[in-house]
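This report refers to the structure that appears directly beneath it.
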Amino acid sequence: MPKIEVKNLSKSFGDNQVLKDIDLSIEEGEVICVIGPSGSGKSTMLRCLNQLEDATGGTIIIDGNEITDPDGDIDLYRRNIGMVFQQFNLFPHMTVRENITLAPVTLKIMNQDEANKVADELLERVGLSEKADAVPAELSGGQQQRVAIARALAMHPDVMLFDEPTSALDPEMVGEVLNVMKQLAEEGMTMVVVTHEMGFAREVADRVIFIDGGYIVEEGTPEEVFKNPQNERTQNFLNMVL
Amino acid sequence: MNIFELFAQSFPRLMSGLGVTLSTTLISLAIAAVLGLLFGLMLVSPNKVFRGIAHVYVDLIRGTPIIVQAFFIYFGIPNATGMRLTAITAGVITLCLNAGAYSAEIVRGGIQSVPKGQMEAARSLGLSYGAAMRKVILPQAVRIMVPSLVNQCIITLKDSSILSVIGLTELTQTGRLIIANNFESFKMWIIVAIMYFIPIMILTKLSQWVERKLKIAKN
Ligand SMILES: Nc1ncnc2c1ncn2[C@@H]1O[C@H](COP(=O)(O)OP(=O)(O)OP(=O)(O)O)[C@@H](O)[C@H]1O
Ligand SMILES: [Mg+2]
């Protein structure tokens, strides 16, 4: 059974149909990079995967749970799906450690001591052990985004969603975040990454998906999509960004 | 009689009036805090019915003069129901409904000034809407709300003087009653004004202090 199964997904904002009939099947441990022009629906698709946007039509099944089921417990399903945002969205009134421990402690998955231990391990993993007591405003963008990744990982999700995690960063900080993501991919995390970092997609992705106008126009291995794109729109897009 | 003698002579009555003013205001503000939070949360609720109810309440209060509200509660409701309210009860109801509606707007504004991504990040971790509100949104919103809420306390304290129209012997009404006896209108109103001014200045200073504290805590 695939880890993520998307069938006939559509999404409209009023009259504006942003996603049209998206089908997508993602295996456990796969890393999918989603590329495409601005406004093509990449973020919307990603946000449908944890129902930050509710789908207009179609079904999404993650880990056997139909997360598009209106009677399902979406809060429960979301524990299993981490998300990292372009703007980090750290909680500015909390320390780094509190950011990481908030969800597991509030949801009574761990007590504060256990959560603190997990936070320390995660911070070491993202190379920020010494920042546990800092507040987000004291960190650089790259550091904040690594904390955001640690925060999502504290819930021990099976799936991680990334929406342009490096787009708001100064160029010299992009690498440190991509490295953490690469390490996560190597450890077998199932990842869906919306990105403009074609180098990362080429190196880390198992599969690249090109979205345009709300459709998946092309998908394949990085080799196939970057070296030998079949669709004219993919070719045009790649010519512009590469 | 100079102003100090006048003050000394009417001291017990003035203090009693001030006591009524302050206690009416404090009780009303305590209830208004609950109303403001409740209706403020309803104003931003994803639920249309909750939003609708809260909007009706806020609009009704904001769209009518407080003096009409006081008359309606003190004279109108007993007239329709036969249930008599004391002036202090009617006064507290008027003030807390009034302050509650304005506070609800302040709470709404505070919550909406927190970036949308904060709620999304909290929900994406599996927190419920309520938990996200409590742990992530409200703590940030409160910092933004403090100056306006203190300002609302000051307005409510001043608005309590309107309750003299329903015969509540708060500070303003006390001043009027004293003047009816001694005709010292000029000096008496100066005294009454100062007696409002002092607690309001204390509140203002307090809020500036809290604001500074919050600013330091944020940096
Ligand atoms: N909340 C919303 N309300 C209305 N329209 C929206 C909303 N979110 C997105 N859209 C519209 O949906 C379309 C797709 O947006 P989306 O953010 O998914 O694009 P994207 O591919 O992520 O673009 P970018 O690369 O600029 O991030 C756009 O036309 C956008 O205006
Ligand atoms: Mg986007």
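If I ignore ligands, DNA and RNA and count only protein heavy atoms, how much of residue A:156 is accessible to a 1.4 Å probe, in Å² to the nearest 10?
120 Å²
Name the residue from A:67, B:78, B:9 whose Cα lies farthest towards the positive end of the charge dipole of the protein assembly as shown, charges +1 on Cβ of Lys and Arg and -1 on Cβ of Asp and Glu.
B:9
For a 23 Å ceiling on Cα separation, which of these pairs sit above it: A:3/B:116; A:42/A:131; A:42/B:116?
Details: A:3/B:116 29 Å; A:42/A:131 32 Å; A:42/B:116 19 Å.
Check vs 23 Å cut-off fails for A:3/B:116; A:42/A:131.
Roughly how far apart, in whole Å, are the Cα centres of region A:178-216 and region B:164-219?
64 Å
What part of the accessible area of the protein assembly as shown, given as a whole %, is carbon or sulfur when the probe is 1.4 angstrom?
Working: 12310 of 21570 Å².
Taking all protein chains in place, the protein assembly as shown shows 57 percent carbon and sulfur surface.
Please give the contour-minus-distance gain from residue B:203 to residue B:11: 0.36 nm per residue of separation, less the Cα-Cα distance, rounded to one decimal in nm. Show your work: numbers first, answer last.
Details: separation 192, 0.36 × 192 = 69.12 nm, distance 2.29 nm.
Contour length minus Cα-Cα distance gives 66.8 nm.
With all pairs of different alpha carbon atoms counted, what Kirkwood hydrodynamic radius in Å does the protein assembly as shown show? Can you show the working numbers first?
On the way: mean 1/r = 0.0384 Å⁻¹.
Roughly 26.1 Å, rounded to one decimal.
Check the straight Cα-Cα distances from residue B:205 and name the lysines below 19 Å, setting aside those fewer than 8 residues away within the same chain.
B:158, B:213, B:215
Taking amide H atoms as placed 1.01 Å from N in the peptide plane, list the residues 5 or more away in sequence, or in a different chain, whose amide H sits under 5 Å from that of residue A:34.
Placed amide hydrogens put A:193, A:194, A:195, A:209 under 5 Å from residue A:34.
Residues of region A:138-164 with accessible area at least 20 Å² lower in the all-protein-chain context than alone (1.4 Å probe)?
Hits at the 20 Å² cut-off: A:151.
Once amide H atoms are built 1.01 Å from N in the peptide plane, which residues 5 or more positions from residue A:18, or in another chain, come under 5 Å H to H?
Amide H to amide H, under 5 Å and 5 or more residues apart or across chains, residue A:18 pairs with A:11, A:12, A:13.
Please compute how much accessible surface disappears when A pairs with B, both sides summed, using a 1.4 Å probe, and round it to the nearest 100 Å².
Values: alone 11150 and 12120 Å², together 21570 Å².
Answer for the A-B pair: about 1700 Å² buried.
Would you work out which of A:40, A:96, A:8 lies farthest towards the positive end of the dipole of region A:1-144? Charges go on Cβ: Lys and Arg +1, Asp and Glu -1.
Result: A:40.
Can you tally the net charge around residue A:85? Count Lys and Arg as +1, Asp and Glu as -1, for every other residue whose Cβ sits under 15 Å from the Cβ of residue A:85. Spell out each step's value before the answer.
Values: positive: A:42, A:47, A:78, A:146, A:151, B:116, B:123; negative: A:53, A:163, A:164, B:120.
After counting each charged neighbour, the total is +3.
When a/c is below 1.5 the answer is rounded, else prolate if a/b is larger than b/c, else oblate, so apply that to region B:12-218 with a ≥ b ≥ c taken from the square roots of the Cα gyration tensor eigenvalues.
Numbers: a/c = 3.44, a/b = 1.64, b/c = 2.10.
Taking the square roots of the gyration eigenvalues as a ≥ b ≥ c, region B:12-218 is oblate.
Got a number for the accessible area of residue B:189? Probe 1.4 Å, square angstrom, nearest 10.
The accessible area comes out at roughly 100 Å².
Check residue A:86: other-chain or 5+ apart residues with amide H under 5 Å from its amide H, H built from backbone geometry?
Residues meeting the amide H criterion: A:163.
Of A:71, B:159, A:113, which has the most accessible area and how do the rest follow, probe 1.4 Å?
A:71, A:113, B:159
So what's the back-of-envelope 222 nm ellipticity for chain A, counting only DSSP H runs of four-plus at -39500 (n - 2.57) apiece and dividing by all residues, rounded to 500? Walk me through the numbers on the way to the answer.
On the way: 8 runs with 84 residues, N = 242.
One gets -10500 deg cm²/dmol as the mean residue ellipticity at 222 nm.
Quick one: what are the phi-derived ³J(HN,Hα) couplings along region B:45-58, Karplus 6.51/-1.76/1.60 with θ = phi - 60°, whole Hz, x for glycine and proline?
5, x, 7, 4, 5, 4, 4, x, 4, 5, 5, 4, 4, 4
Return one whole number: the accessible area per residue of the protein assembly as shown in Å², for a 1.4 Å probe. Display every interim value, and only then the final one.
Numbers: 21570 Å² over 461 residues.
It amounts to 47 Å² per residue over the protein assembly as shown.
What ranking of B:129, B:196 comes out by heavy-atom accessible area, probe 1.4 Å, highest first? Display every interim value, and only then the final one.
Working: B:129 75, B:196 30 Å².
Accessible-area ranking of B:129, B:196, largest first: B:129, B:196.
What percent of all Cα-Cα pairs in region A:1-145 falls into each 5 Å bin, going from 0 up to the bin containing the maximum distance?
Here the calculated profile for region A:1-145 is 2, 8, 15, 17, 16, 15, 13, 10, 4, 0.
Whole-Hz ³J(HN,Hα) for each residue in region B:89-105, computed from phi via Karplus 6.51 cos²θ - 1.76 cosθ + 1.60 with θ = phi - 60°, x for glycine and proline: what do you get?
Values, residue by residue: 5, 4, x, 5, 4, 4, 5, 6, 5, 5, 5, x, 5, 5, 5, 4, 5 Hz.
Region A:1-26 to region A:80-116: how many Å between their Cα centroids?
Answer, in whole Å: 29.
Largest first, how would B:135, B:187 line up by accessible area (1.4 Å probe)?
Details: B:135 80, B:187 55 Å².
Largest accessible area first, the list is B:135, B:187.
Accessible surface of residue A:186 in the full protein assembly, 1.4 angstrom probe, to the nearest 10 Å²?
Number for this one is 150 Å².
The values are calculated or read from the model by the stated rules, or taken from the named source; none is laboratory data. For clarity, every value in this text was computed on a predicted model and none was experimentally measured. Here the Cβ is made from the backbone with ideal geometry for all residues, glycine too, and neighbour counts use every protein chain on show. Protein only, heavy atoms only, side chains kept; ligands, DNA and RNA dropped before computing areas. Shrake-Rupley method; radii C 1.70, N 1.55, O 1.52, S 1.80 Å.
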